[in-house]
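Report on one structure; see the data block that follows.
The values are calculated or read from the model by the stated rules, or taken from the named source; none is laboratory data. Small disclaimer: the values here were computed from a predicted structure and weren't measured. Don't worry about glycine lacking a Cβ; one is built from the backbone with ideal geometry, like all the others, and counts go over all protein chains shown. Heads up: the accessible areas ignore ligands, DNA and RNA and are worked out on the full protein's heavy atoms, side chains in. Shrake-Rupley method; radii C 1.70, N 1.55, O 1.52, S 1.80 Å.
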Amino acid sequence: MFDFQKVSRKKLIAGAVLVSIGVIIGVVISANFGWISLGQAKLEPISPKVTEHLEATEKAFVEISKRVVPAVVNISTTKTTKGVEGNPLNPFFQDPFFRRFFGDEFFRDHESPHESPRRHKEQALGSGVIVSEDGYIVTNNHVVSGADEIKVVLSDKREFTGKVVGADPKTDIAVIKIKAGDLPAVTWGDSDSLEVGEFVLAIGNPFGLNQTVTSGIISAKGRANVGIADYEDFIQTDAAINPGNSGGALVNIRGELIGINTAIFSRSGGYMGIGFAVPSNMVKSVMDSLVKVGKVTRGWLGVYIQDITPELAKQFKLTTNQGALVSDVMDGSPAEKAGFERGDVVIQYNGKEIENTGHFRNMVAQTAVGKVVEIKVSREGHEKVLKVTIGELPADGTKEGRSEEEDAVGIFKGVSVQNITPEYRDRLDIPDKVKGVIISAIDSDSPAQEYGLKAGDVIMEINKKQTKNTKDFNKAVGEIKKGEGALILVYREGMTLFITISP
């Protein structure tokens, strides 16, 4: 017969022994390693060195905030506008965002002549940065543009009436002045020395919440073609920027002003991790002009330029796509007097490397009129330094920017050209100095059209050989070997540009 009690006692004794051994092992491990006690895990303490670094960073942010926040002000504006009664689109008519986006002309076109106009006041909020103890404040042009009244509220709650000293829509920067003294002013920083990855703080008044501080890093530099202003060289940051932050300060870890917060990229209208600030060096240059002469004077070189594509780099024997290609030189310009030639590639300006056309254009614009600068160019594979006396950008806004018929063959297949007649010159306003053949027609499936040529273009050169007439054109086309591309110099709508066509 099976003895159940006897067997149970043995099992109990064995179990007790095993538990005892487990406890002993746990105690031994705990004593030796200090992180296990009776089979339960215990968090390892944070290293004092790590805590020390975190505390130092935290203290730095606190000190920066204490130093800079008093210099950031709240700006509220009032603007009187005209609206209409009874229009179904009327609610949108009153929203300044929609007016800025669509333009006042759009709204005038949609107003009924039978609707009576009415005047009302619009209010907007923004930020500004005190940059001098005697009351000069930098902000965005779109914050104060068209305002009838400007109210400035300091961090200590004092209120002042602001007066616009000057504004520059081309950079979206404005300077206002308040009657006060001994104000807390920020220290200017050097935005040219910034590096991607540096810590930054954004300070402003998002949604009317005064003196809000957010942190992040510099995500990118030299952002252009954003569509916010004519002269763009934005600092991109992931520090939270929201409506109301416009005109606020972007500062580095030394508390220096390195940018004026201007815009955000957003599909929702709120923060999405991409904000843009105008670099402090550009802001300071604009401010100095506005305060000293009441307008912005910009440097002018007098060349048409375009970015370097991989195809152009190959044609001009360049090792990189950096630089700015000169597609034309204006008559009587500083560039012509200094010896610039079409086809030069600007690689260095006053000792600084040129990244692209936007970078080059901004550097020229920020140069003082009358200053002599050295510009390094690559010409026919050789580097050359030219000394230029910078002129003033003309008031018309000239930019550094931008009847026998023959059928062509090869990569020009589908392109019909003819000599320029007096009628063509008059109709298309082609200057007398422009020599070449005009594209009278181009097939939709032509390789040339695919690469950018179009009817009305004047082909001045093919592979750097002049094409003054159809005979020159046919000869140049005939010299293009099978499988080879071509570098084309084209005159179009007042400017010349290079176009590359691949086989």
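Specify whether the C-alpha gyration tensor of the stretch 445-503 places it in the rounded, prolate or oblate class, a ≥ b ≥ c being the square roots of the eigenvalues: rounded for a/c under 1.5, otherwise prolate if a/b is larger than b/c and oblate if not. Here the stretch 445-503 falls in the oblate category. Here the 3J(HN,Hα) profile of the stretch 246-259, calculated from phi with Karplus coefficients 6.51, -1.76 and 1.60 at θ = phi - 60°, is 3, x, x, 9, 10, 10, 8, 6, 9, x, 8, 6, 10, x Hz, Gly and Pro shown as x.
Give me the Å³ per residue figure for the convex hull around the C-alpha atoms of the stretch 126-231.
Convex hull of Cα atoms, per residue: 128 Å³.
Dipole magnitude for the stretch 153-193: computed about the Cα centre from +1 point charges on Lys and Arg Cβ and -1 point charges on Asp and Glu Cβ, it is near 320 debye.
Just the number, please: carbon plus sulfur as a percent of the accessible area of the stretch 125-232, 1.4 Å probe, no ligands or DNA/RNA counted. Carbon and sulfur: 48 percent of the exposed surface of the stretch 125-232. Over all other residues within a Cβ to Cβ distance under 12 Å of Ser215, the charged ones net out to -3, with Lys and Arg as +1 and Asp and Glu as -1. With θ taken as phi - 60° and the Karplus curve 6.51 cos²θ - 1.76 cosθ + 1.60 applied, the whole-hertz 3J(HN,Hα) list for the stretch 65-80 is 4, 4, 7, 8, 3, x, 8, 9, 10, 9, 10, 10, 10, 10, 10, 8 Hz, x standing for glycine and proline. Given a 1.4 Å probe and the protein chains as shown, Met282 ends up with an accessible area of around 10 Å².
Taking amide H as placed 1.01 Å from N in the peptide plane, Val73 has its amide H under 5 Å from the amide H of Gly128, Val129, Ile130, each at least 5 places away in sequence or on another chain. Straight-line cross-link reach from Lys292 at under 26 Å between alpha-carbon atoms covers these lysines, not counting any fewer than eight positions away in the same chain: Lys151, Lys163, Lys170, Lys177, Lys179, Lys284, Lys371, Lys399.
The Cα center of the stretch 199-257 and the Cα center of the stretch 312-388 differ in position by 31 Å.
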